[in-house]
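The values are calculated or read from the model by the stated rules, or taken from the named source; none is laboratory data. Being a predicted model, the structure only gives us computed values, none of them experimental. Neighbour counts run over all protein chains shown; Cβ positions are idealised from the backbone, glycine included. Heavy atoms of the whole protein, side chains included, go into the accessibility calculation; ligands, DNA and RNA do not. Shrake-Rupley method; radii C 1.70, N 1.55, O 1.52, S 1.80 Å.
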Amino acid sequence: MIGTMARTLEQATMFGAVSVVCAAALGGIMVPVYVMPPAMQTISLFSPLAWGLNALVEIAVREGTLGSVRHELLYLAAFFSVTMAIAWARFGRLDRRAEM
């Protein structure tokens with residue numbers, strides 16, 4: 001999705017890297033969510049990296065099953081679907097502009 005929104009390779013590279021670092025910080029990858037202030041904990045509920053981390057911890061540490069992480073998997077699938085739809089729509093518009 002980022003690649004279809006950026007005008008240059010450098011823009012896509014920089015925005016992609018910065019957004020992943022920010023998402024990792026908000027998602028609990030760098031700092032555990034329970035240590036964050038309440039407002040940041042609320043924001044982390046909307047982070048795809050937090051969903052993935054929670055699912056990984058549930059399965060690897062707590063010996064959970066796919067059923068125990070079904071909500072996280074559904075959130076991740078929905079995030080994937082939305083971002084892919086945006087990328088396809090944007091790419092389709094760019095492709096039509098190139099043909100003109």
Sum of side-chain charges, Ala55 neighbourhood, beta-carbon under 10 Å (Lys, Arg +1; Asp, Glu -1): -1
Using only Cα atoms and rounding to the nearest 10 degrees, what angle (0 to 90) does helix 70-99 make with the longest principal axis of the chain? 10 degrees
Table column - 3J(HN,Hα) (Hz), segment 37-51, Karplus curve with 6.51, -1.76, 1.60, x for Gly and Pro: x, x, 5, 5, 4, 5, 4, 5, 5, 9, 9, x, 5, 5, 4
Give a quick list of chymotrypsin sites (Phe, Trp or Tyr not before Pro) in the chain that DSSP marks as loop, anything other than H, G, I, E or B, with at most 15 other Cβ atoms within 10 Å. Phe46
Please work out the FRET efficiency for the pair Phe79 and Met40, using the Cβ-Cβ distance as r and a Förster radius of 25 Å; give the result to the nearest 0.05. 0.80
How much accessible area per residue does segment 16-100 have, in Å², with a 1.4 Å probe? 72 Å²
The extension gain from Ala12 to Glu58, computed as 0.36 nm times the residue separation minus the Cα-Cα distance, is 13.3 nm
With a 1.4 angstrom probe the carbon and sulfur portion of accessible area for the chain, in percent, totals 71 percent
